[in-house]
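Asks: Quick one: structure below, then a few questions.
The values are calculated or read from the model by the stated rules, or taken from the named source; none is laboratory data. Given the structure is predicted, the values throughout are model-derived calculations rather than measurements. Here the Cβ positions follow ideal geometry from the backbone for every residue, glycine too, while neighbour counts run over all protein chains shown.
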Amino acid sequence: MKISQKGLYALQAMMMLARHYHQGAIKIRDIAYEEDLPEKFLELILLELKNARMVESVRGAKGGYQLRREPGQIRLAEIIRLIDGPLAPFGDAEQLRVLIDRDVPHRALYQVFLDVRDAAAKILEHTTLADLILEPGPRSGKGSKRQRGQKKKAGSVLPMVVGGGTSL
């Protein structure tokens, strides 16, 4: 799964709208400024989110954009699928299942890709905007070694794939 720069901007803008959910509509320029996003690109992203009925625009002096639903009802998977397409490395989960059934010599490889897709989808389907704004720290599994006292090594950072290309 690859999240494009556009997808990352959409997630950042939606998080900002979630943080200000009870404050009414927010102007595009304020979203762009607070999140350090290019305003013209953000306009296109918000229009796409509006067409998908995730945000709504409000006209007038106090106009701008706001979430159509509560932050706890908007899942990350929904935003990513809208902006970047399927979560699977090969099109969608059904396409992977067909490859598993038909390409016997490579079945194990495709099964790994399906397992990766399913794990990523599960996390993204169960994480809402509310989760992100209520829990700003790093997320790790319950009872993980790191939570039981192991400290993270200074300077160790896991890379996040963000690119402008198409998803695999």
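Asks: Output the number of the condition that M16 fails; it satisfies all remaining conditions of (1) crowded, with 17+ Cβ neighbours inside 10 Å; (2) out of contact with any Lys or Arg (no Cβ under 7 Å at 6 or more places or on another chain); (3) in contact (Cβ under 8 Å) with a residue 24 or more places away in the chain.
Replies: The failed condition is (3).
Asks: Would you check if there is a residue in region 68-90 being more than 17 Å from the chain's Cα centre (by Cα), part of a helix (DSSP H, G or I) and within 19 Å of L129 (Cβ to Cβ)?
Replies: The answer is no; no qualifying residue exists.
Asks: To continue, here is another question. Given the conditions (1) surrounded by fewer than 14 Cβ atoms within 10 Å (Cβ to Cβ); (2) touching a Leu at 6+ places or on another chain (Cβ under 7 Å); (3) of a type in the set (V, I, T), report the number of the one that V55 does not fulfil.
Replies: (1)
Asks: Also, I was wondering about something else. Could you say which residue among A130, A120 is at pLDDT below 90 and surrounded by 10 or more Cβ atoms within 10 Å (Cβ to Cβ)?
Replies: It is A120.
Asks: Looking at region 20-33, can you tell me whether even one residue there is among the hydroxyl-bearing types (S, T, Y) and either in a strand (DSSP E or B) or in contact (Cβ under 8 Å) with a residue 24 or more places away in the chain (or both)?
Replies: Checking region 20-33: at least one residue is among the hydroxyl-bearing types (S, T, Y) and either in a strand (DSSP E or B) or in contact (Cβ under 8 Å) with a residue 24 or more places away in the chain (or both).
Asks: So if I check each of P86, P71, which one is under 18 Å from L11 (Cα atoms), at pLDDT below 90 and not acidic (D, E)?
Replies: The conditions single out P86.
Asks: Moving on to the next point. When the residues of region 19-38 are filtered to those that are more than 19 Å from the chain's Cα centre (by Cα) and exposed (fewer than 13 other Cβ atoms within 10 Å of the Cβ), which remaining residue is farthest from R69 (Cα to Cα)?
Replies: The qualifying residue farthest from R69 (Cα to Cα) is Y33.
Asks: So if I check each of Q12, Q23, which one is more than 23 Å from A77 (Cα to Cα), out of contact with any Phe, Trp or Tyr (no Cβ under 9 Å at 6 or more places or on another chain) and of a type in the set (S, T, N, Q)?
Replies: So the residue among Q12, Q23 that is more than 23 Å from A77 (Cα to Cα), out of contact with any Phe, Trp or Tyr (no Cβ under 9 Å at 6 or more places or on another chain) and of a type in the set (S, T, N, Q) is Q23.
Conditions tested, residue by residue: (1) aliphatic (A, V, I, L, M); (2) closer than 27 Å to A119 by Cα.
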position	(1), (2)
F41	no, no
L46	yes, no
L49	yes, yes
A52	yes, yes
R59	no, no
R68	no, no
P71	no, yes
L82	yes, yes
P105	no, yes
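Asks: Across region 41-58, which residue is farthest from the chain's Cα centre (by Cα) among those that are part of a helix (DSSP H, G or I) and acidic (D, E)?
Replies: E43
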